[in-house]
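The values are calculated or read from the model by the stated rules, or taken from the named source; none is laboratory data. Note that the structure is a prediction, hence the values are computed from the model and not measured. Don't worry about glycine lacking a Cβ; one is built from the backbone with ideal geometry, like all the others, and counts go over all protein chains shown.
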Amino acid sequence: MISLAKACNVPLDWLAEGRGAPEISNGAVASIPAANSADDSMEVKFFDAEPSAGRGNIPDEWVGSESYSVSRSFLSSVLGVFSRKVFFVRIQGDSMMPSLSPGDTILVNYETESFVEAVYVITIQGLLMVKRLSMKDPFNISVSSDNPRYQPFQVPLNRVGWMGTDMDADMRIIGRVVGRFQLNF
């Protein structure tokens, strides 16, 4: 968050808690809207389950979590996230390097949405993973890693479902990765 505050040239307090106006050093006000009240923050859960950017991980539980207060202005203005259905989770493994590194914390939007080519948290036969998904053709989704050491594979589109909608699907999409952070929660 410190690096992001420096890069955006806004105070860390504003970025973390949405307090005050984000002043730029030359006295101009940043184009990011200021938080006007305590209503600007929302609770975001940080789950203990660690999806694998590798061959997959079987999570013990999704119930172990802590809540953190995050500025909605930060989510919408900086990350372009308008959904309240988001959570944090730390990843393990190296299959998504250099885009995601082991130990990175990702912000995941779990609102069911239209499929776009992006990085997602998914489950495949109970294994929790972080992978890049794209349409291979009208009948298959390609599941790939950014690290070339890992081979891509395809899943038939009729065997893919969003979490909570098709529990018999071979691959369930939990949510799209919308942010990456190096945090020490």
* the stretch 122-143 - residue that is touching a Leu at 6+ places or on another chain (Cβ under 9 Å) and surrounded by 20 or more Cβ atoms within 10 Å (Cβ to Cβ) and, of those, farthest from residue 170 (Cα to Cα) -> 130
* Asked: Going by the conditions given, is residue 87 part of a strand (DSSP E or B), under 28 Å from residue 40 (Cβ atoms) and modelled with pLDDT under 90?
  -> yes
* Just name the residue that is surrounded by the fewest Cβ atoms within 10 Å (Cβ to Cβ) out of those in the stretch 101-121 that are out of contact with any Lys or Arg (no Cβ under 6 Å at 6 or more places or on another chain) and among the hydrophobic types (A, V, I, L, M, F, W, C). => 116
* Structure fact -> Checked pairs for the stretch 38-52, first over 15 Å from residue 109 (Cβ atoms) and modelled with pLDDT of 70 or more, second in a loop (DSSP other than H, G, I, E, B) and of a type in the set (D, E, K, R), C-beta under 9 Å and 6 or more apart or across chains, list as 40/19; 48/60; 48/61; 49/60; 49/61
* **Neighbours by Cβ (under 7 Å, 6+ apart or cross-chain): first from the stretch 134-147, on the phi > 0 side of the Ramachandran plot; second surrounded by 16 or more Cβ atoms within 10 Å (Cβ to Cβ) and basic (Lys, Arg)** => none
* Asked: Hey, does the stretch 120-132 have a residue that's over 19 Å from the mean Cα position of the chain (by Cα) and among the basic types (Lys, Arg)?
  -> no
* Asked: Of the numbered conditions (1) over 23 Å from residue 107 (Cα atoms); (2) part of a strand (DSSP E or B), residue 169 satisfies every one except a single condition; which is it?
  -> (2)
* Does the stretch 64-72 contain at least one residue that is of a type in the set (S, T, N, Q), at pLDDT 85 or above, surrounded by fewer than 21 Cβ atoms within 10 Å (Cβ to Cβ) and under 28 Å from residue 135 (Cβ atoms)? -> no
